[in-house]
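Participant: One structure, pasted below without further comment.
Taken together, the values in this text are just the output of simple stated rules run on the coordinates, not laboratory data. Quick caveat: nothing in here was measured; it's all calculated off a predicted structure. Glycine gets a Cβ as well: all are built from the backbone with ideal geometry, and neighbour counts include every protein chain shown.
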Amino acid sequence: MDSCRSASCDVREAVRAKALSIGFDACGFACAEPVEQWAVEQYDRWIAARHNDCMEYAARYRDVRNDPRLLLDGAKTIICVAANYLPAKRQPAYAPQFALYAYGRDYHEVLKERLLLLASFIAKTTGCQSRPCVDTAPLRERYWARKAGIGFIGRNNALILPGRGSFFFLGELVTTLEVKPDEPYSLTCGDCHRCEAACPGGALHDGTALDARQCLSCQLIERRGDLPQWVAAAVGNRVYGCDTCQLVCPHNRNTMPTTISDFAPSEEFLSLTHEDIACMTPAKFRRLFAHSAVRRTRLDGLRRNAALL
Ligand code: SF4
Ligand code: SF4
């Protein structure tokens, strides 16, 4: 469709403005094209070294991962968005700790709803088709977010939005809309290595991607069955995930809490104790976490983690 080709900068800025009005904190545009060779090789080395550990899905769909045009016929652009999830209220320090991203409603649901609104706006104004992705397709979201000028990838493997930190969910629209892409971010961590030094599992090594075999977050959330022995000594009072490599990052010093009410925790969640988790029934788990990322670890995984504390 002609209107989908080479849309003007006005169209691009209208889409960006719409994304911000929907509640996203950042929106950028990258050309839908094959992933650069250096990045393909970096990912292949990560898989070959088995650093994806129990995340077997990370090794699947290599063809799509390396060419996002396979996700949508006629794809021309990847629109990348970021949404702040930093909660204003936190669990008390003595409580069994959940990663901050899991405090509120499941980001898959929240971001997808908003991406569908953006896709609808694009369809109405340009006639172009879009496919929303929120961890739901083999798309290298941090790679594309950097290409789209939203931020840079830190040594902690998180996407860092300079001045705003890394407590952001990422989402994408793969779209047939063709617009001029944004400039990729070129900032780096420089001489800082704080996250590597602070990581309780030793999962971060300069110049390589995260080693999931040594990452508490991956082990507590992704692993089924028994945990590796080292986890018990490193887990502290974490019960779901780990935020240490983000909390120590200087880019997160002056972060602002989210304004998205969906990401606010309930009082019941904030007051959870060790005993509550140890004695949690399936019915209570469903009620508390039916619309939460926490359901990924399932009740038996949560109880297994709590038993370490
Ligand atoms: S989430 Fe925790 S364990 Fe994993 S890399 Fe970051 S600091 Fe290390
Ligand atoms: S703590 Fe330092 S090295 Fe780690 S991501 Fe932040 S800036 Fe980069």
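Participant: How about K18: which lysines have a C-alpha closer than 26 Å to its C-alpha, ignoring those fewer than 8 places off in the same chain?
Facilitator: Straight-line reach from K18, under 26 Å: K76, K112, K124, K147, K180.
Participant: Among P200, P132, P34, which one shows the biggest mean-square fluctuation in a GNM of the chain, springs joining Cα atoms closer than 10 Å?
Facilitator: P34
Participant: Calculate the translational D of the range 113-184 in whole µm² s⁻¹ from Stokes-Einstein, where the hydrodynamic radius comes from the Kirkwood formula applied to all Cα pairs, the temperature is 4 °C and the viscosity 1.567 mPa s.
Facilitator: Here the translational diffusion coefficient equals 98 µm²/s.
Participant: If I build a Gaussian network model for the chain, linking alpha-carbon pairs within less than 10 angstrom, which residue out of G151, G28, G163 has the largest mean-square fluctuation?
Facilitator: Its mean-square fluctuation being the largest, the pick is G163.
Participant: Now for a different question. Could you name the lysines in cross-link range of K284, using Cα to Cα under 24 Å and dropping any fewer than eight places away on the same chain?
Facilitator: K284 reaches K89.
Participant: Considering Cα pairs under 8 angstrom that are at least six residues apart, work out the relative contact order of the range 207-309 and quote it in whole percent.
Facilitator: Result for the range 207-309 is 40 percent.
Participant: Could you give me the percent of Cα pairs per 20 Å distance bin for the chain, shortest bin first, beginning at zero and ending with the bin that holds the maximum distance?
Facilitator: 32, 58, 10, 0
Participant: For the chain, what does the relative contact order come out to in percent, with C-alpha contacts under 8 Å and a separation of six or more? Please report the intermediate quantities before stating the final value.
Facilitator: Working: 561 pairs, mean separation 78.8, N = 309.
Dividing the mean separation by the residue count of the chain yields 25 percent.
Participant: Right, here's the next one. How high is the FRET efficiency between D191 and A283 when r is their beta carbon distance and R₀ equals 45 Å, given to the nearest 0.05?
Facilitator: That pair, D191 with A283, gives E of 0.30.
Participant: Hey, another quick one. Return I260, I22, I160, I47 ranked ascending by Cβ neighbour count within 10 Å, so the fewest neighbours appear first.
Facilitator: Arranged by neighbour count, lowest to highest, I260, I22, I160, I47 become I47, I22, I260, I160.
Participant: Still on this structure, please answer the following. Can you give me the Cα centroid spacing of the range 266-309 and the range 123-156 in angstrom?
Facilitator: Centre-to-centre (Cα) distance: 31 Å.
Participant: In addition: Tell me, T244, T136, T297, T281 in order of fewest to most beta-carbon neighbours within 10 Å?
Facilitator: By the 10 Å Cβ count, ascending: T281, T136, T244, T297.
Participant: Using a Gaussian network model of the chain with C-alpha springs under 10 Å, which one of F152, F289, F269 is most mobile by mean-square fluctuation?
Facilitator: Looking only at F152, F289, F269, the largest GNM fluctuation is found for F269.
Participant: Determine, from the Cβ-Cβ distance of V40 and N254 and an R0 of 51 Å, the FRET efficiency 1/(1 + (r/R0)^6), rounded to the nearest 0.05. Could the numbers behind the result be given before it?
Facilitator: Values: r = 36 Å, r/R0 = 0.70.
According to the calculation, E is roughly 0.90.
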